[in-house]
Amino acid sequence: MVLPELPGVLTELGHPDKIGWLVGLFTIGAFVARLYSGKIADRAGRIPVMLIGSAVTFVAGLGYLAVWWWAPRDAGPDGTMSVAVTLLLGIRLFHGLSTGFRPTGATAFLTDVAPISRRGEALGFLGVAGNAGMALGPAIGSFLAVEVGMDAMFAVSTVLGLVSLLLTTMLNESLPNSRKIVRSDFNLFKGKVLDWSTWPSALAMLAPAFAFGTFLTVTPDFVADLGYTYKGAFNTIVVIASISMRFIAGKASDRHGRVPLMVVGAWLLAAGMGLLALSETPVTAALAGLVYGMSVGINMPTVFAWTADMARPGRIALALGTMLMALELGIGFGAFLSGAMYEGVLARIPSLYAMSAGVAALSGVVLTVHSIRLRLRA
């Protein structure tokens, strides 16, 4: 709900140069959380990890409201960041913990209850649910911000965090012999925090994540310049395309294999980013967004299922957490790099999309070669 409007908030507060930090700090928080979430989910259970993620979302929403209502907005005499900007960026770092915990627990929960032969399909439906929220959230958030006010957007996002927390308490734990969280679960030096058996899927995740970090950082300003009144509406186009593909991609990966689907997703990603780089009107941007959304709809459920396939017994959550660390690294690097190169200059945005297209094309080549090798071995 809040992300499409936050760049405008930073610009209003006099720091458009920090736009890349909005996504970058969020991903740092998520990355740190993933050092713990997989281990905790495999020991204490899936539900506690999901509850932590939802609780962070609720508390972060209260933080956004507090900053918007009460934090001083005047910069220091030497041009240093105001209290409002500093707190806003701090909340983004904290808010990232939610993404580090919630998806790890939810994905592990679903892999527990879904038949192995339909794992890709099941994870596809989980993605549909997540994407539905990602479609409605930005659209509703932008509408509220424009028509009612930023405080209304932050308030509704806070309420949704609370609703998520309450709904999660209604789920039954799926991990056998789960226990309470103990202090040692947060000790990085006690027990494994990574599962290197899933390095192929983690590596494959880097290109989509890099493109996503770039997309999240510059697209709100890009679509606003094209004439979109509600910035979140463009995200809705992308997510609808992603949802449509998820209904197909999950079953297809169960039937034809994960790697062949990742090849298709990588080349669609390159095409989508390339088309965004060439877009100069709302219509061409919407078409590019459709292609990009299709790539997301293929890549995400497929790489999650691929990771679960390769995970060692009893370490599914740890394996998913490891793969998702690659996701956060890619998003963070894409966000910080694109933000540093962008600096509020709209003319630079096409080159940033083109850079992401190049990274995706490189991934497509690697995955294509890997797919050919697998066929030859078979």
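Every number in this text was worked out from the coordinates using simple rules, so none of it is lab data. Note that the structure is a prediction, hence the values are computed from the model and not measured. When we count neighbours, we look across all protein chains shown, and the Cβ atoms used for this are built from the backbone with ideal geometry, even at glycine.
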- prompt: When the helix-only estimate is applied to the chain (DSSP H runs of n ≥ 4, each -39,500 (n - 2.57), divided by the residue count), what is the mean residue ellipticity at 222 nm, nearest 500 deg cm²/dmol?
  reply: -27500 deg cm²/dmol
statement: Taking only the alpha-carbon positions of segment 203-282 as identical scatterers, the Debye log10 I(q)/I(0) at q = 0.11, 0.16 Å⁻¹ comes out as -0.35, -0.70
message: Tell me which of PRO176, ILE243, MET341 sits at the most positive position along the dipole axis of the chain, charges placed on C-beta atoms (Lys, Arg +1; Asp, Glu -1).
response: PRO176
- prompt: Which net charge results when you count Lys and Arg as +1 and Asp and Glu as -1 among the other residues whose beta-carbon is under 15 Å from that of ALA209?
  reply: 0
query: Residues in segment 321-347 near a label at LEU362, defined as backbone nitrogen under 19 Å from the 7 Å Cα→Cβ point?
result: 326-342
- prompt: Between rounded, prolate and oblate, where does the chain land on the alpha carbon gyration tensor, with a ≥ b ≥ c its root eigenvalues, rounded for a/c under 1.5, else prolate if a/b exceeds b/c?
  reply: oblate
query: Once phi is turned into ³J(HN,Hα) by the Karplus curve 6.51 cos²θ - 1.76 cosθ + 1.60 with θ = phi - 60°, what whole-Hz value does each residue of segment 88-95 show in order, with x for glycine and proline?
result: 4, 5, x, 5, 4, 4, 5, 4
- request: Would you mind calculating the gained length between LEU346 and LEU167 on full extension (0.36 nm times residue separation, minus the Cα-Cα distance), in nm to one decimal?
  value: 60.3 nm
field: Listed peptides 245-253, 111-119 by packing density, highest first (mean Cβ within 10 Å)
entry: 245-253, 111-119
statement: Taking the alpha-carbon centre of each part, the distance from segment 29-54 to segment 249-298 in Å is 30
query: Any idea what the dipole of segment 7-148 comes to, in debye rounded to 20, about its Cα centre with Lys/Arg Cβ at +1 and Asp/Glu Cβ at -1?
result: 580
field: Gain upon complete extension [GLU280, ALA75; 0.36 nm per residue less C-alpha separation]
entry: 70.2 nm
task: Within 10 Å, count the other beta carbons around each residue, average over each peptide in 291-302, 339-350, 37-48, 52-63, and list them highest first.
output: 291-302, 37-48, 52-63, 339-350
query: If each of VAL369 and PHE247 carries a label point 7 Å out from its Cα toward its Cβ, how far apart are those two points in nm?
result: 3.8
statement: Classified through the alpha carbon gyration tensor (a ≥ b ≥ c as square roots of its eigenvalues; rounded if a/c is under 1.5, else prolate when a/b is larger than b/c, else oblate), segment 2-62 comes out prolate
- prompt: Between ASP151 and LYS190, how many nm apart are label points set 7 Å from Cα along the C-beta direction?
  reply: 4.6
- prompt: Length gain on complete extension for the stretch LEU136 to ASP112, per 0.36 nm per residue less the alpha carbon to alpha carbon distance?
  reply: 5.8 nm
message: Just want to confirm a number: the relative contact order over the chain, from Cα pairs under 8 angstrom separated by 6+ residues, in percent.
response: 28
task: Using a Förster distance of 56 angstrom, determine the FRET efficiency expected from the C-beta separation of ALA354 and LYS180, and round it to 0.05.
output: 0.65
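So for each of 92-105, 153-166 I average, over its residues, the number of other beta carbons within 10 Å; can you give me the resulting order with the highest mean first?
Numbers: 92-105: 25.1, 153-166: 18.6.
Result, highest mean first: 92-105, 153-166.
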Point-charge dipole on Cβ atoms (K/R +1, D/E -1) for the chain, about Cα centre, debye to 20: 1740
Separation in nanometres of the label points that stand 7 Å from Cα toward Cβ, at VAL159 and ARG255: 4.3
